[in-house]
Each structure stands twice: as structure tokens, then as C-alpha cells.
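What follows is one structure encoded as C-alpha cells, with my remarks underneath.
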Amino acid sequence: MIQLVEVHKGFTVKDKKTRKKKRIEAVRGISLTVKPGEIYGLLGPNGAGKSTTLRMIAGLMHPEQGRIEVCGAGTATEPEKARGAVGYLSTDLNVYNRFTPREFLRIFGEFQGVDPAVAERRGLHLLEKLELSDFVDVKMEGFSSGQRQKVSIARALLHDPRVIVFDEPTTGLDVLTAKTVLDLLSLMRTEGRTVIVSTHVLPMVERICDRVGIIFDGILHGDAPPREILQRWNVPALDEVFFALAAKGGA
Amino acid sequence: MRGAWLVFKKEFLELSKDRKTLFFTFAMPLILFPLLFTMMSKLGRNDAAQRKNKPSRIFLVDQGRVLEPALRADPKSFQLVPRPETELNQAIRDQKLEMALEIEETAAAKLVRQETFTLTATYDRSDDSSKLALERLRDLIKKQDVAWVQARLQTLGAPPQLAVPSRLESRNASSMALFIAKIMGSFLPYILIIMMYAGSMQHGIYTTAGEKERGTLLSLLSTRMPRNQIIWGKLLYIFAIGLLATLMNLLSMAVSMAHLFSTEAASAGTKAAQAAMESGGIGNLSAVASPATLGLSFLLMIPLGLFFSNFILLGGIQAKNTVEAGTALTPGIFVVVVLGVFSMAPGLEKMTLLPYVPIVNVSLAIRKLFSQQASAVEYLIALGMTVGLAGAMTWLSTRILNRESAIFKV
Ligand SMILES: Nc1ncnc2c1ncn2[C@@H]1O[C@H](COP(=O)(O)OP(=O)(O)OP(=O)(O)O)[C@@H](O)[C@H]1O
Ligand SMILES: [Mg+2]
């Protein structure tokens, strides 16, 4: 269960040319709820505020206003408990290059309070699914970005999290592995976990997401099952919704 | 504390994967000091030995042939050379010869008349071999004087012992090794302090700003581990590296010192050197500083080490990348060095405020311990202040890590 209530988040950046400070309202009053056994897809153009929202759910950023609860634990009031319930994946999160995937997974199992042997078994099982078994005992120094992403996926899932927060999980993955990841997410849903993912791959959203939220400029423009959205906007595909929203924003 | 321990373990595991860094951190000092010491003592010994083995070249003016036979009789120490082509003083300065010796023309006659005659030796006081020539000449003349006096006594019918009322026998109680130990003893605290800081700085940057740069810190922070445990684990790691590096240096120093003592004892074979061998290198160190002094000094080093590791942690965690952290922390080495030099300056004990200046008071306290002027109150102030500062910095580091601006570049 994920619950966001009126969440605000802004950044102060400096414009090097005008030498003035500028506020960027990355997230403006987003409220949403994702229930167990549900996959929620977060869509939106670059800089819309998707990653910021997911980072706040993962406890890596703090909302300026509003509150967030993960499995009943507030990210501000019980940060450790909330973080422990989340499996967070993002391309920002890197692996320790000096370790092999096996060592890496054992260590993170310990960090998450899982018995290292159990963590290793779970992680290796995941890596097998992701077709990385041949590399479990190779130092990650020479790994490709896709291979690193695979290890990160295993890292995010090895503590059996109730809530799964994936920020663009298929970036850098080949089509076969991307499909595996989507299958994995579907499996998580059937296991009754709460899943929220952000992506730019619209067909993927139509295929696996139970509900879709579209963010534009930090504002959530409704959320509904993909089919309902298509009906509401009266368009054949999701990208048409984007075009329509962009036109509205420009007007 | 479990989280801190896990982070600590992870840091060491990560370090152990990097053989080269491991080697340069721990094995290097083990090799460095013995190498340095043997080179130092070899060089010193060779130079001295070479000078001792060469006869001193002397240009002699001795018309009465008063001293010439005695000089010629000792070819190991003296070699008579013809007048140099250049000016005499210049030739000595140019090391064409070691000394010019001029004996009064009337010396022989004066000797017969039982009067005093004069010898004029010209030498270069700034040159060791020239000084050696003078020393050798003094020894020779002393012996010659005794012979002459004894001859005079004989003509008077007195016993020859009259010329020798006493005989001084000197034994060298010290040795080159002990000399080095003494110098080391006075520098030891500073060497250790510098080693501690320099040894752990790079590792501290690697685990803080480095983790940020490599994007692994976010992975670490996304786990359920509390932030303060992560800080504690990293702190512990930096501290342990500093301590280990210091211990390695100390060990290496002690071993090479002991080796120096034993080789010197073997080569010299004198009583003093034998005593040095019996008591061993460490034993001689204790002649420089008592175990209590050393122990109390190290007790101060621990909070100081904590202070340093906190400082490194703080510098690393607030920086955006390793270059920034490195630039912020490198001047620290100079501060540490200056601190050491500063607290060795004379007359500091009289400054009343100094015991209340943090960090400076630590090196002051160590210095007073070594010079046996320690005051319990000042010692405790230094100890308490350092621990307090270290604690405050740990708190600050945790605060910074809790701020997202520390993790995300804003
Ligand atoms: N640490 C930060 N400092 C300053 N501004 C930030 C920071 N993080 C995000 N922003 C700003 O907040 C806005 C939203 O960023 P966010 O990363 O959430 O977008 P996104 O929807 O994930 O985009 P993308 O599809 O490109 O990943 C952007 O304008 C971005 O510049
Ligand atoms: Mg993003």
C-alpha cells in the first residue's frame, strides 16, 4: 500500500545567466493511492516530476508539504520501516564495482536484515531469470550498463519487499530482458505486492498497468485504468493523450 | 550498532578487493622504514669509515726535522705532500690537502734548550677530514710531548712517570642507533599524527564523496539502515584505517630500529653496543620515554584519531565529488604538520591560553609528557575537548547525510 496526500516538492536552482535563484516546483500537490495487488504506471514527459515522486516514496527525498505512507509507515515518522518495505530501482543507484554480483547481493541482504544465505539464494534465482547466471562470480568492474541494471533489479527485490518502486526499469535492457522484467512485475502483482513504475514505454503501460497516472509539470492529471483513459480522451493509443495534454499546456 | 558494523565490514571487504591499494596502505610502510634505516646507517658508516682509512695529507715545513720522523713513522694517519701549486689556504679549501703544518725554524734548538716552541697548523674547520687531521696531529703531539718530557726528566734524574700523572680511559656508552632512537623519540608523536591523518584521508574520501560520485551511496541509503549507523560504520572504518596505518608504521620503525641496534652491536663489539643488543631496540626506546609516557601519549592519540576521522568524514560527506573532498582535506595535512612544528617551538609552556585551544593542546600535552612537565588538569582538558569535538562532528555528519542535498546534487 502506498499513499500520497497533497505532496509538494520544489527545488531552488540558480540560473547562471541571470544570476538569479529560481524555484522549480517539481511536484505540486500530488495525491494518489496504490493498493496491494496493483501495478500503477506513472507517465509524463521529461522533467514532469516522476522520478522526484518515486524518490520521495523510496525515502531518498523528503516532501516539503503533505505526507507519504508506505505500508502504514510514514516516510517522515518511521523512515527506516518505510524504506525497509520498499524495493527501489533507479538508474541513479549504482552497484559496487569491486564486488561480484554474489558478494554484492549477500552484503545487501545483510543491510536489509535478511540472512545472507537466503538473500544470495533469492538473488541468484532472480539473476537466473534475468540471464546473468554466467556472471555471478565475475567482478562487476567490466559490466555493461544492462548487466548492472540486472544486478540492481535483484538488489531491489532480494529482501522480499511489499512495495515495489521502479523508476524506468527497462532502460538499457534488451527486449527479451525487458519482457522478463515486465513478467516479474506481473508476478509481483499476483503475489499481492504494491507496484508503482514510471516509464516512457507506452505499450508496456497498456499491457501490464492496472492504473495509469499522467504527470505534467508536477501535477497529476487523473488516474484510471488505461482503457478508461483512452475512452475519456477518445483516442486509440496513450501517446495521443500526451499530444492532447501538450497542446492544452501550450494554449 | 549492527548496521554500523555491517557498513564497517563492507568497507573493509571493498578495500580487500583492491590489492594494490591494500599493498600501498599496509605493506609499503613495512618495507619503507627498514630500507630507509639501513640506507641511513650504511651511508653514515661508509663515510666515516672512508675518512678513517685514509691518511691525512699534510704539507710540512720542518727545517729542524723535529716532528718529521714521527709523522713518517705513522703512514696510516699521515702522508707528507709537497707544497701545492696554488695558494696554501685555497688548496686546503679545495681539499687538495688536509692541513699545512709549520714548525718554528729554531724548534730543534729550543727543544735542546728546554724551551717551548710553536707549531702552526692551518686547516679547514668546516671540513670533517681536515678536522680529523688536526685530531690526529693532537694525538701525535701529545705522545711526542710525553716522550720529550720524559727525556728531560731523565736528564734531571727523575722517574719518567712524573710526565704522566693521570691516564683517562673513555668508553663510548652511546651508539649511532641510540642517537637515532633519541631523535625518533622526540618526533614520534608527530610522525604518528601525520601518518594517521595522511593514511586514512584517501580511504575516507573513497567511502564518502567517492560513493556519491559512483552512485553507490544512494543504493546504501535506500536500504532500511538508519543514516546514523551508516555514518558510524564509515567513521569506524576511517578510524581503523588510520590506526592500522599508524601501527604498521610504528611496527616497521621498531623492527628496523632493533635491527639497527643488533647490527651495530655485531660490528662494533664494544661493551656499550653489546648492552644495546641485550636490551634490544624497544628497550632503548624506553630510555627515551618511559612506558607511562608512551601509554599516556597513545591514550591521547585515540581521541585525536577520532577527531581526524570525523574531520575527514565531514569533509568527504559534504563534498559533491572526490576532487572537491580532496581539495578540502589536503590542506589538513599541512595544518597537522604545522601543529607539530608549532608545539615543538620553545617557550610555549608559558602561554596560559594554549591548553584551551583544541588540538593544539593535544600536541602540547604530549610534548609536556615527554619533557616530564605534564599537568593532570591540562591533560584531561585536552582529552575531553578532543572527544567532545569528535562527537560534535559525528553529529554534524549525520545531520548532513540526512539532508537530501548531500546526496542529490542541487
Ligand atoms: N536534485 C535536484 N535539484 C534541482 N532540481 C531538480 C532535482 N531533481 C529534480 N529536479 C527538477 O525537478 C523536475 C522534475 O524532475 P524529475 O527527475 O522528477 O523528472 P522526470 O519526470 O523523472 O523526468 P524524466 O522523464 O526525464 O526522468 C525537473 O525540472 C528537474 O530539473
Ligand atoms: Mg526520471
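Any chance you could give the angle, 0 to 90 degrees and rounded to 10, that helix A:175-190 forms with the longest Cα principal axis of chain A? Approximately 80 degrees, to the nearest 10.
Helix-only arithmetic for chain A: the sum of -39500 (n - 2.57) across DSSP H runs with n ≥ 4, divided by the residue total, places the mean residue ellipticity at 222 nm at -11500 deg cm²/dmol.
Once the Cα atoms of helix A:145-157 and of chain A are each reduced to a long axis, what angle between those two axes, in degrees from 0 to 90 to the nearest 10, is obtained? Its long axis makes an angle of about 90 degrees. Counting only heavy atoms of the protein chains and using a 1.4 Å probe, A:His8 has close to 50 Å² of accessible surface.
Can you give the FRET efficiency to the nearest 0.05 for B:Val323 and B:Ile191, using r as the Cβ-Cβ distance and R₀ = 22 Å? The pair B:Val323/B:Ile191 has a calculated efficiency of 0.20.
Rolling a 1.4 Å probe over the protein heavy atoms leaves B:Lys20 with an accessible area of roughly 150 Å². Applying 0.36 nm per residue to the separation of B:Gln95 and B:Asn53 and subtracting their alpha-carbon distance, the gain on full extension is 13.5 nm. Working from label points 7 Å from Cα in the Cα-to-Cβ sense, the B:Leu80 to A:Asp160 distance is 10.4 nm. Between B:Gln154 and B:Asp128, full extension at 0.36 nm per residue minus the direct alpha carbon distance yields a gain of 5.4 nm. Here the range B:371-400 is scanned for amide nitrogen atoms under 19 Å from the site 7 Å beyond the Cα of A:Glu80 along Cα-to-Cβ, giving B:394-400. In this label model, A:Glu240 and B:Val338 are separated by 7.2 nm, measuring between points 7 Å along each Cα→Cβ vector.
Distance between the modelled labels on A:Gln65 and B:Leu119, one decimal in nanometres: 10.4 nm (7 Å Cα→Cβ projection).
The values are calculated or read from the model by the stated rules, or taken from the named source; none is laboratory data. For clarity, every value in this text was computed on a predicted model and none was experimentally measured. Note: ideal-geometry Cβ built from the backbone for every residue, glycine included; neighbour counts use all protein chains shown. Surface accessibility is based on the protein's heavy atoms, side chains included, excluding ligands, DNA and RNA. Shrake-Rupley method; radii C 1.70, N 1.55, O 1.52, S 1.80 Å.
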